[in-house]
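Colleague: Sharing a structure, written as structure tokens. Questions coming.
The values are calculated or read from the model by the stated rules, or taken from the named source; none is laboratory data. In this text, all values refer to a predicted model and were calculated from it rather than measured experimentally. Cβ sites come from the backbone with ideal geometry, for glycine too, and all protein chains shown count toward neighbours. Calculation scope for accessible area: heavy atoms of the full protein, side chains included, ligands and nucleic acids excluded. Shrake-Rupley method; radii C 1.70, N 1.55, O 1.52, S 1.80 Å.
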Amino acid sequence: MTVTVDEAGLSPNQLKMERLRQALQKSVIGQEALIEQLLIALLTDGHVLLEGPPGLAKTRIIHALSDLLEGTFHRAQFTPDLLPSDITGTEIFNTAEGGFQFRPGPLFCNLLLADEVNRAPAKVQSALLEAMAERQVTVAGKTYPLPRAFMVMATQNPLEQEGTYPLPEAQLDRFMLHIRIDYPDHQQEKAILRLVRGEHTSHMAGNDATTQVLLSEEELFAARRELMDTYMADNLEDYLVALVMATRNPAAYGADLADSLTYGASPRATIALDLAVRAKAWLSGRDFVTPDDIQEMAPSVLRHRIGLSYIAEANGMDKDRLIAELISRVAVP
């Protein structure tokens with residue numbers, strides 16, 4: 001079912017984001033929750049890690065979003081033989097001027113698709129981490145700033161697949177959201193068939209549709225400023241902090257959770273969750289945060305920032321189930 005918001009009463013910035021959401025829903029079927037969370041990351045200047053089996057439209061939705069935004073889009077395919085210079089750029093000798101000149105790599109853009117990010121070696125991950133954390137790239141001892149609007153959308157295959165490696169904890173912490181994608185249901189899959197069939201028919205007839213940019217860079221910055229006025233009550237702020245702190249001391253919420261985690265979420269998770277819930281409320285046309293906003297965003301903000309113990313894994317626990325347990329046990333104001 002397509003998720004829409006009543007456009008009555010929306011501010012001009014909220015209306016632009018709602019039109020962007022609707023355009024994405026026409027291009028990608030059955031992923032309404034994913035679309036909402038991508039817009040939340042866009043509004044909060046955060047990076048996104050998408051995880052799911054191949055064929056679930058991870059790459060398609062990022063391409064669709066880039067077509068609707070003002071700015072440059074680059075795609076980098078991460079492979080085991082990738083070098084840091086392949087994404088950062090390198091210095092080349094300019095014979096005309098008799099010196100070295102920096103040639104920027106794909107990191108120098110507004111929206112980067114890092115496809116299959118967990119197939120690349122450690123040095124590449126280190127270069128990507130600097131870009132994500134510091135919004136800059138260092139090559140041959142020189143530092144080059146990245147664009148003001150810079151966002152990494154990385155896709156990750158499940159770790160059980162061949163040729164994949166777990167990302168370092170420090171790099172994972174720089175992703176604002178870790179979104180897991182599931183298969184569509186029966187009706188959604190039929191709609192996907194019809195959508196793709198229609199696109200193929202249009203392409204064969206030479207009637208490829210042109211995409212209109214729906215959101216400029218300045219409009220994006222204005223929306224970011226506006227959502228920060230979204231109200232959060234003090235007791236909800238306490239609830240948000242309590243949820244994050246529960247990952248550091250799960251034993252306080254039940255003896256059965258005492259040895260479930262090796263480490264909990266950092267203060268960066270608290271900051272990310274605060275921004276995410278404000279953006280979610282704002283996208284919904286509200287100027288205030290509710291407990292439901294916090295509970296719905298907590299899994300995507302926390303699942304990549306906690307370490308599950310071997311004891312918990314042996315007992316059949318996974319991160320999402322643990323987060324759900326904490327949500328059910330932390331008192332709601």
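Colleague: What net charge do the residues around Tyr183 carry, taking every other residue with its C-beta under 14 Å from that of Tyr183, with Lys and Arg at +1 and Asp and Glu at -1?
Modeller: -1
Colleague: At a probe size of 1.4 Å, how large is the accessible area of Tyr231, to the nearest 10 Å²?
Modeller: Estimated to the nearest 10 Å², Tyr231 gives 140 Å².
Colleague: OK, next. For the pair Asp292 and Gln188, what calculated FRET efficiency results from E = 1/(1 + (r/R0)^6), where r is the Cβ-Cβ distance and R0 = 25 Å, to the nearest 0.05?
Modeller: 0.55
Colleague: Then there's this: Counting only protein heavy atoms and a 1.4 Å probe, tell me what percentage of the chain's accessible area is made up of carbon and sulfur.
Modeller: 53
Colleague: While we're here: Roughly how many Å² is the accessible area per residue of the range 221-332, as a whole number, for a 1.4 Å probe?
Modeller: On a per-residue basis, the range 221-332 sits at 45 Å².
Colleague: Moving on to the next point. Within 14 Å, Cβ to Cβ, of Pro147, how many net charges do the neighbouring residues add up to if Lys/Arg are +1 and Asp/Glu are -1?
Modeller: Residues near Pro147 contribute -3 overall.
Colleague: Next up: Under a crude label model (7 Å from the Cα following the beta-carbon direction), how far is Glu134 from Glu237 in nanometres?
Modeller: Taking the two extended label points, one gets 3.3 nm.
Colleague: Would you list, by chain and number, the lysines whose Cα falls below 26 Å from the Cα of Lys123, excluding same-chain residues fewer than 8 positions away?
Modeller: By straight Cα distance, Lys123 reaches Lys58, Lys142.
Colleague: Only bridges whose two residues both fall in the chain count here: according to DSSP, what percent of them are antiparallel, nearest 5?
Modeller: Antiparallel bridges: around 40 percent, rounded to the nearest 5.
Colleague: Apply the Karplus curve 6.51 cos²θ - 1.76 cosθ + 1.60, θ = phi - 60°, to the phi angles in the range 278-284 and return the couplings in whole Hz, x for Gly and Pro.
Modeller: Result, ordered by residue: 5, 5, 4, 4, 5, 5, 7 Hz.
Colleague: Same structure again: Might you work out the accessible area of Asp259 for me, using a 1.4 Å probe with all protein chains in place, and round it to the nearest 10 Å²?
Modeller: Probe radius 1.4 Å; accessible area of Asp259 about 100 Å².
Colleague: Quick one: length gained pulling Glu91 to Thr72 fully straight, 0.36 nm per residue minus the C-alpha distance?
Modeller: 4.7 nm
Colleague: May I ask you to compute the full-extension gain from Ala331 to Leu195, defined as 0.36 nm times their residue separation minus their alpha-carbon distance, rounded to one decimal in nm?
Modeller: So the extension gain works out to 44.5 nm.
Colleague: A further question follows. Of Lys280, Lys190, which has the most accessible area with a 1.4 Å probe, and how do the rest follow in descending order?
Modeller: The ordering from most to least exposed comes out as Lys190, Lys280.
Colleague: What is the antiparallel percent of DSSP beta bridges lying wholly in the range 31-176, to the nearest 5?
Modeller: Of all bridge pairs located within the range 31-176, approximately 40 percent are antiparallel.
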